[in-house]
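The values are calculated or read from the model by the stated rules, or taken from the named source; none is laboratory data. Predicted model, so just to flag it, every value in this text is computed and none were measured. Here Cβ is always computed from backbone atoms with ideal geometry, including for glycine, and neighbour counts include all displayed protein chains.
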Amino acid sequence: MSVIILAEHNHGHCHPNTLHTITAAQQLAAKVDVLVVGFQCQSVADELRLIEGVNSVLLADSQCYNNQLAEPVAKLLHNHAVHYTYLLAPASTFGKNIMPRVAAMLDVHQVSDITAIKDAQTFVRPIYAGNALETVQCTDEKKVLTIRSTAFALAKQGSQQAACVTIDDVIDWQKTRFIKQTLTKLERPELGVADVVVSGGRGLQNAENFKLLEQLAGKLNAAIGASRAAVDAGFVPNDYQVGQTGKVVAPRLYFAIGISGAIQHIAGMKDSKVIVAINQDEDAAIFNYADYGLVGDLFEIVPELIKALS
Amino acid sequence: MKVLVAVKRVIDPYVRVRVAEDGSGVITKNAKMAMNPFDEIALEQAIQLKEAGIATQIIIAAIGNDNTQETLRKGLAMGADKAIHVNTNSALQPLAVAKVLHKIVSDEQPQLILLGKQSISGDNNQTGQMLAALLDWPQATFISDLAIEADIATVCREIDGGLETLSLTLPAVMTADLRLNEPRYASLPSIMKAKNKPLSVLTLEDLKLTLKDTYKVTTVSPPVARTPGVILKDVATLIDKLKHEAKVLS
């Protein structure tokens, strides 16, 4: 049995997601190969060759993969699937975009967003935004899986250098053209992967008051999030939304400030390691989920907190 | 241009999800149901394309038990022209859903297929991509903007850390993300009018599909519950706890 992992990378470096996926792969088979697809991305392959547990790195380096479009990358992976039992990718927008396409081409199911591997064909994954966990048995001959990075440790550098095998497949796909990519230059960490998240709700009262959270986030090197109520009230843009229909986050530390704790919001943050709630209503539902709570006026507490962290 | 929108009936996003004690699944009996929010956004996009004179007909399709027709009627009330209900009591996995939709596409020949990026029930995020693969059509997942000119669609995709713009030659499959639009509410007159719009019912047998049974959900369990924590007296105590007890601050 063997695994092939589709590596996520930005042509210069491999994304940490890929290293988490390698750890998951090691639970499935002894032979773990990693496929690097892109253009002028030898450095990514070289990085991965040094990772412990990697048997070999397959490098498909061609202009046709320059923008990692789903269609050609899926076809390429499909071409090489014959040698493997498991096909893995991180459950990021990168992996989610490509892997179901590969699965359908192979006429097999995909098991999405795996948080635990029970045995060779049994996996655990969250459903209903983490409000329930589903144990799935997939008996397809080949298994296409996406891995939730936060559930598996980061694979480390080893002492050996794995082989690098060049793949020459060129796939012609004209129906999709890449126009541009705008990556947000973040002053703060990205909400989805941030170690600390500071979220505000309707209790912030207006957009202006969110600046207070920015100061706190600055002290903690945190991303800023918001409840749906705050988004609907127009305090912050939609992409700040943490919740079932927004972003699902699981940081090490989560601050819920002026957030009552609607189910919608809880679904998006309850897997955080430590939750701190600040709310003036001592009966607010958020306190049922928080490890630590402070009852009081957030406009007094937050500035105090900022001062204490300075 | 014909547009096909696939929708799913799910537990209303504002309802607390409860897991059955025997581990058989999430309790849907008596739960308030709704159209999957991402699918609603996909449908809204189709309606806006029709209002802009780009789409000529909107077909919505859904798979599920008899009650699914309620969700389809809602879609018709919002502005779809006709509905297709694939009636089954089995819970189909995305691969099976994609195969069903593939059949519908062969019959209806749409130029554009819009779906939500994922259902808020299964959270699989697979169906659109799988359908695109079965059709060998281009795909644009997680879109937050769409413009169509002749047979070229320009889309903006929400990717981790930013946005990506692609141009696709139609026909194509697209999946909607949260920021694409704000779905409208159906007006009372349109709800009344929707009752007379065509809704056809098919079965899996009609579609002559043999579906694989290689994906089985063995148990569904509640997540490990969080134990309510403690209310602290002041900021200094909080900082101390975060540093020394939880060890999440240095």
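For the range B:228-248, does any single residue satisfy the condition of being in contact (Cβ under 8 Å) with a residue 12 or more places away in the chain, β-branched (Val, Ile, Thr) and either in a strand (DSSP E or B) or more than 7 Å from chain A (Cβ to nearest Cβ) (or both)?
Looking through the range B:228-248, none of the residues is in contact (Cβ under 8 Å) with a residue 12 or more places away in the chain, β-branched (Val, Ile, Thr) and either in a strand (DSSP E or B) or more than 7 Å from chain A (Cβ to nearest Cβ) (or both).
Among the residues of the range B:115-142 satisfying the criterion of being more than 7 Å from chain A (Cβ to nearest Cβ) and either in a strand (DSSP E or B) or surrounded by fewer than 23 Cβ atoms within 10 Å (Cβ to Cβ) (or both), which is nearest to the chain's Cα centre (by Cα)?
Step by step, filter the range B:115-142, then rank; the result is B:Gly116.
Report yes if some residue within the range A:131-138 is assigned by TED's automatic domain parsing to the domain that holds A:Leu28, modelled with pLDDT under 95 and outside any strand (DSSP E or B); otherwise report no.
Within the range A:131-138 (the criterion being assigned by TED's automatic domain parsing to the domain that holds A:Leu28, modelled with pLDDT under 95 and outside any strand (DSSP E or B)), the answer is yes, since at least one residue qualifies.
Modelled with pLDDT under 90 and not aliphatic (A, V, I, L, M): which single residue out of A:Gly246, A:Gly234, A:Gly258 fits that description?
Going through A:Gly246, A:Gly234, A:Gly258 in turn, just one is modelled with pLDDT under 90 and not aliphatic (A, V, I, L, M): A:Gly246.
Starting from the range A:174-202, take each residue that is within 12 Å of chain B (Cβ to nearest Cβ) and at negative phi and list its partners that are surrounded by fewer than 17 Cβ atoms within 10 Å (Cβ to Cβ) and among the charged types (D, E, K, R), counting only C-beta distances under 6 angstrom and pairs at least six apart or across chains.
Every condition considered, the pairs that remain are A:Asp195/A:Arg252.
Looking at this structure, is B:Val173 within 30 Å of B:Gln109 (Cβ to Cβ), more than 9 Å from chain A (Cβ to nearest Cβ) and surrounded by fewer than 17 Cβ atoms within 10 Å (Cβ to Cβ)?
Against the criterion (within 30 Å of B:Gln109 (Cβ to Cβ), more than 9 Å from chain A (Cβ to nearest Cβ) and surrounded by fewer than 17 Cβ atoms within 10 Å (Cβ to Cβ)), B:Val173 does not qualify.
Run B:Arg157 past the list (1) among the charged types (D, E, K, R); (2) facing chain A (nearest Cβ under 7 Å); (3) not in a loop (DSSP other than H, G, I, E, B) and report the number of the one that doesn't hold.
(2)
Looking at (1) farther than 22 Å from A:Ala103 by Cα; (2) modelled with pLDDT of 95 or more, find the lone condition where B:Arg179 falls short.
B:Arg179 satisfies all of (1) farther than 22 Å from A:Ala103 by Cα; (2) modelled with pLDDT of 95 or more except (2).
Do you know which residues across the range A:100-124 are more than 8 Å from every other protein chain (Cβ to nearest Cβ) and of a type in the set (A, V, I, L, M)?
A:Leu106, A:Ile114, A:Ala116, A:Ile117, A:Ala120, A:Val124
Please indicate, with yes or no, whether at least one residue in the range A:232-240 is within 12 Å of chain B (Cβ to nearest Cβ), in contact with a helix residue (DSSP H, G or I) (Cβ under 8 Å, 6 or more places away or on another chain), over 27 Å from A:Ala7 (Cα atoms) and of a type in the set (Phe, Trp, Tyr).
yes
Mind checking which residues of the range A:280-308 are more than 7 Å from every other protein chain (Cβ to nearest Cβ), under 26 Å from B:Ile120 (Cβ atoms) and surrounded by 24 or more Cβ atoms within 10 Å (Cβ to Cβ)?
A:Ile286
Check the range B:143-151 and report whether any residue there is under 24 Å from B:Pro94 (Cα atoms), more than 7 Å from every other protein chain (Cβ to nearest Cβ) and either touching a residue at least 40 places away in the same chain (Cβ under 8 Å) or not acidic (Asp, Glu) (or both).
There is at least one residue in the range B:143-151 that is under 24 Å from B:Pro94 (Cα atoms), more than 7 Å from every other protein chain (Cβ to nearest Cβ) and either touching a residue at least 40 places away in the same chain (Cβ under 8 Å) or not acidic (Asp, Glu) (or both).
Search the range A:241-265 for residues being part of a helix (DSSP H, G or I) and at the interface with chain B (Cβ under 10 Å from one of its Cβ atoms), and hand back the single one that is surrounded by the fewest Cβ atoms within 10 Å (Cβ to Cβ).
A:Ile263
If you go through the range A:127-157 one residue at a time, how many are in contact (Cβ under 8 Å) with a residue 40 or more places away in the chain, within 7 Å of another protein chain (Cβ to nearest Cβ) and of a type outside the set (A, V, I, L, M)?
Within the range A:127-157, residues that are in contact (Cβ under 8 Å) with a residue 40 or more places away in the chain, within 7 Å of another protein chain (Cβ to nearest Cβ) and of a type outside the set (A, V, I, L, M) number 3.
Looking only at residues in the range B:187-213 that are more than 23 Å from the chain's Cα centre (by Cα) and more than 17 Å from B:Gln69 (Cβ to Cβ), which one is farthest from the other protein chains (Cβ to nearest Cβ)?
The selected residue is B:Pro189.
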